[in-house]
1. Does at least one position in region 37-52 carry a residue that is in a helix (DSSP H, G or I), surrounded by 20 or more Cβ atoms within 10 Å (Cβ to Cβ) and among the hydrophobic types (A, V, I, L, M, F, W, C)?
2. If you take the residues of region 129-161 that are under 13 Å from the mean Cα position of the chain (by Cα) and crowded, with 17+ Cβ neighbours inside 10 Å, which of them is modelled with the highest pLDDT?
3. Identify the residue in region 101-122 that is without any contact (Cβ under 8 Å) to a residue 24 or more places away in the chain and not polar (S, T, N, Q) and, among all such residues, is surrounded by the most Cβ atoms within 10 Å (Cβ to Cβ).
4. Under 8 Å between Cβ atoms, which residue pairs at least 6 apart in sequence (or on different chains) link something in region 57-73 that is at pLDDT below 95 and charged (D, E, K, R) with a partner that is surrounded by fewer than 18 Cβ atoms within 10 Å (Cβ to Cβ) and assigned to a loop (DSSP other than H, G, I, E, B)?
5. State whether one or more residues within region 72-95 are more than 27 Å from residue 9 (Cα to Cα) and either of a type outside the set (A, V, I, L, M, F, W, C) or more than 17 Å from the chain's Cα centre (by Cα) (or both).
6. Tally the residues that are farther than 17 Å from residue 23 by Cβ and either touching a strand residue (DSSP E or B) at 6+ places or on another chain (Cβ under 7 Å) or not in a loop (DSSP other than H, G, I, E, B) (or both), restricting the search to region 62-78.
7. Looking at (1) touching a His at 6+ places or on another chain (Cβ under 7 Å); (2) surrounded by fewer than 18 Cβ atoms within 10 Å (Cβ to Cβ), find the lone condition where residue 92 falls short.
Amino acid sequence: MNESPDEESLARAVQDLYEELLRAWNRRDAHAYAALFAPDAAMIGFDGSQVRGSEVEGHLAPIFADHPTAAYVWKVREVRPLGGSAAMLRAIAGMVPPGRAEPNPAVNAVQTLVAEYGSGSWRVALFQNTPAAYHHRPELVEQHTGELQQVLREGHGGRQS
């Protein structure tokens with residue numbers, strides 16, 4: 001599919017926003033992570049928790065302080081303009097536990113980010129992190145994990161060492 005330069009720049013900007021979000025997580029930087037959200041945004045966590053954008057830092061700070069969090073590895077599937085000043089990104093993600101080199105398939109996820117442009121920058125309007133359990137379809141778990149392992153081998157996907 002041929003994208004116009006405007007669509008290409010939009011796609012790059014939204015992908016950059018998403019990647020910075022996951023890199024902030026990997027750095028365990030609640031402030032930088034939260035700064036990417038619009039105040040009225042919604043974050044829906046892997047466990048189903050729902051947090052307003054203005055409350056993200058307060059939600060994540062104790063998690064980072066009390067738990068050795070795993071690092072994200074990801075692969076963007078699609079960035080699509082939604083019209084006006086909004087776009088949607090879809091990706092698969094996994095988490096590499098501390099001290100390990102491979103993603104843990106039990107926490108594979110499908111992620112959706114809706115971004116909005118305003119006041120000169122892109123911000124997260126919605127970030128949803130959905131478990132990718134693939135019930136009764138182990139081949140899909142293997143495919144998902146295999147794609148992320150390939151991303152790690154290629155040195156992409158933002159996993160911080």
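1. Restricting attention to region 37-52, the residues satisfying the condition of being in a helix (DSSP H, G or I) are none.
No, region 37-52 has no match at all.
2. Initially, region 129-161 is screened for residues under 13 Å from the mean Cα position of the chain (by Cα), giving 129-131, 157-159.
Remaining after also requiring crowded, with 17+ Cβ neighbours inside 10 Å: 129, 157-159.
Numbers: 129: 96, 157: 64, 158: 52, 159: 42.
Checking each candidate, the answer is 129.
3. Restricting attention to region 101-122, the residues satisfying the condition of being without any contact (Cβ under 8 Å) to a residue 24 or more places away in the chain are 106, 110, 119-121.
Among the residues that remain, those that are also not polar (S, T, N, Q) are: 106, 110, 120.
Working: 106: 11, 110: 16, 120: 5.
Restricting to residues being without any contact (Cβ under 8 Å) to a residue 24 or more places away in the chain and not polar (S, T, N, Q), the top hit is 110.
4. Between residues of region 57-73 that are at pLDDT below 95 and charged (D, E, K, R) and residues that are surrounded by fewer than 18 Cβ atoms within 10 Å (Cβ to Cβ) and assigned to a loop (DSSP other than H, G, I, E, B), there is no close pair.
5. Narrowing region 72-95 to residues more than 27 Å from residue 9 (Cα to Cα): 95.
Still in the running and either of a type outside the set (A, V, I, L, M, F, W, C) or more than 17 Å from the chain's Cα centre (by Cα) (or both): none.
Taking every residue of region 72-95 in turn, none turns out to be more than 27 Å from residue 9 (Cα to Cα) and either of a type outside the set (A, V, I, L, M, F, W, C) or more than 17 Å from the chain's Cα centre (by Cα) (or both).
6. Of region 62-78, the ones farther than 17 Å from residue 23 by Cβ are 62, 65-68, 77-78.
Narrowing further to those that are either touching a strand residue (DSSP E or B) at 6+ places or on another chain (Cβ under 7 Å) or not in a loop (DSSP other than H, G, I, E, B) (or both): 62, 65-66, 77-78.
So the count comes out to 5.
7. Among (1) touching a His at 6+ places or on another chain (Cβ under 7 Å); (2) surrounded by fewer than 18 Cβ atoms within 10 Å (Cβ to Cβ), the lone unmet condition for residue 92 is (2).
The values are calculated or read from the model by the stated rules, or taken from the named source; none is laboratory data. If you're wondering where the values come from, they're calculated on a predicted model, not measured in any experiment. Ideal geometry is used to build each Cβ from the backbone, glycine not excepted, and the neighbour counts take in all protein chains shown.
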